[in-house]
Structures are given as structure tokens and as C-alpha cells.
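Worksheet: one structure, shown below.
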């Protein structure tokens, strides 16, 4: 069967807090795959997705889900059970990378530079700083910067939002030393690094949800303008993290860099096994810089799809 005859189910939407992001990724992917000649079915994922896929029997599942269920090994396990080849990383790598604390433990044990952190229950934070500011509070299993709170040096107590009954991001959080400086990211495709991109938020304190997804919310400088040794180190660490976590297909690692500390100021933050595919997303820009059109990039992902990832 020729690749263009393949029936590709694009999984998108879902029921995590990242549903809008997933839809914004999935629809352009479905459009581009149709333009490449594939037969495409768009699936807005609900909890009956297993029965939908079992009836549909696609040749490949293109995973455009983000957040819990789509990015944490759960949908990957369903696809393994149904024996439907799928894109991106498998069960173990997805589950490991999605848990920020466990991913950092593995990365740090393998020599990747990470920031000091503490795993805490939200209620433990209360009115007392868990570490000297500045620090960052992050939900353990969320993406797209949902729930990320930066606590500055001048704040007398942690923000009340962290212990509020309205907090929707779970009871366990990671408290992490804030790393000053510039923000960089690097994609990895098929085990090889793409270019390094510097992210400069526009009108935002950091690369938060608005900076990520609103047009003009951030400026992407690629290739990043940084000393060659730092540029190469970022690429090297991105590939190392991809390999350590057992990722497949496409991943993207994020970094902070404090120039005053030289090479020691480069800190790995996390790895994303389901990088966004929206019009403002980073990895498609990196692929384009490497000479891959959006359609060709997605075609490669479909051709790379498999089970037992």
C-alpha cells in the first residue's frame, strides 16, 4: 500500500485543560495531511475513544493531543492495545516526560544540569516560603504553562492562588529554584537536533500560555543568537534528554540560561513529547528552518509511526 493511501486518524481535543491547544494543533495537522494525499479522519477524543478507534480501524493514529490522557502514556497504551501504529513517543517515555519531577530525577542522575526543586503538597506551602525566593511553583503533570506561578524576591508570602480552593491542577506541585536569564528551546527529530530557538515573551513575565499561543505573544529568534559553545550544548542536551527518556519521533527540550554564570548557567527545564503544532508553535518553525515544509514534516511523522514505541 502506498503511503498516500493510508487512513490517518488525527486525535485532538480531549478533556484536559489543554483541549483548546490540542484543537489548534490538530486541525492544521489534519488539513496538511489531507493536502499530502492521506485519507484523514478527525477524532475529537472523548472517553469512548477506544471503541471509536476499534470501529474505525485507521492505519495510523496521529496524536495531536496535549496534556493528561493524551501526553502521559494513557492514549499510547490504548493504541498499543488496539495495535494501531501511532506518532510521537510511547507509553513509558510519555509517562516519564509528563511527570516533571520524575523526568528531572532521571535527567539529573544522567548528568543533565537541572535546578534545585522540592516536591510538595499544595497545602504544605501555606503562608511560608518553601524556599528562599525567587522560585517557581509548577503543577507536576500539566503543560502549556498552566498553573505556573513565579514568586519574586520581594514577596512576603506565597501567592494565595496556590492554596486556593479554585486551584484546578492537583494537590502535588513542584517548587523549583527560579533561573534568571534567557529562554531557549530545541527540537529533536529522529534523534537529531533541530536549530535552537530563543523565546522572548512580549508583554509577559515569562513564556506563559498567552506568550505561547496568542499571535504576537512572544518573539522567536531562530537560529538563536548565542555563543557557539552554548548553542551546541543546548542541542547536545536536547538529544541526550530525548535518548534518556526513551522518546521517539519528535520532542522538544526547554532551557534557561544565566549568561553571568557562563556554561554553568545553562539549565534544562523539561522535555515535551507532544510539541504544539499551532500556527505559533516552535517545532514547525524549526523544521521549516531545516528545509522541511509543514506537510513534509507531518508526512515524516506518519511514516515513522509504529507500535511498541
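Where a ≥ b ≥ c are the square roots of the eigenvalues of the C-alpha gyration tensor, would you call the chain rounded, which needs a/c under 1.5, or, failing that, prolate if a/b is larger than b/c, or oblate? Prolate.
One chain, two ends: residue 225 and residue 180. Fully extended at 0.36 nm per residue, the span grows by 14.4 nm beyond their Cα-Cα distance. With R₀ set to 22 Å, the beta-carbon distance separating residue 83 from residue 15 gives a calculated FRET efficiency near 0.35. Annotation: Cα Rg of the range 233-309 relative to the compact-globule expectation 2.2 N^0.38 Å equals 1.24.
The mean sequence separation of alpha-carbon pairs under 8 Å and at least six residues apart, normalised by the residue count of the chain, gives a relative contact order of 21 percent.
Gain in length, residue 35 to residue 192, computed as 0.36 nm per residue apart minus the alpha-carbon separation, to one decimal in nm?
Values: separation 157, 0.36 × 157 = 56.52 nm, distance 2.64 nm.
The residue 35-residue 192 span can extend by a further 53.9 nm.
Given a Förster radius of 30 Å and the C-beta distance between residue 106 and residue 160 as r, what FRET efficiency does 1/(1 + (r/R0)^6) yield to the nearest 0.05?
Numbers: r = 33 Å, r/R0 = 1.11.
Calculated transfer efficiency: 0.35.
Rounded to the nearest 500 deg cm²/dmol, what is the calculated helix-only ellipticity per residue at 222 nm for the chain, with -39500 (n - 2.57) per DSSP H run of length n ≥ 4?
Values: 10 runs with 98 residues, N = 309.
Mean residue ellipticity at 222 nm (helix-derived): -9000 deg cm²/dmol.
Computed from Cα positions, the angle between helix 228-245 and the longest principal axis of the chain comes to roughly 60 degrees.
For the range 117-177, the extents of the C-alpha atoms along the principal axes are 26, 21, 17 Å, listed from largest to smallest.
Name the shape class, rounded, prolate or oblate, that the alpha-carbon gyration tensor gives for the range 76-181, where a ≥ b ≥ c are the square roots of its eigenvalues, rounded holds for a/c under 1.5, and otherwise prolate holds if a/b is larger than b/c and oblate otherwise. Verdict is prolate for the range 76-181.
Where a number appears in this text, it was derived from the coordinates with a stated rule and is not lab data. This is a predicted model, so every value here is computed, not measured. Cβ atoms come from the backbone with ideal geometry, glycine included; neighbour counts cover every protein chain shown.
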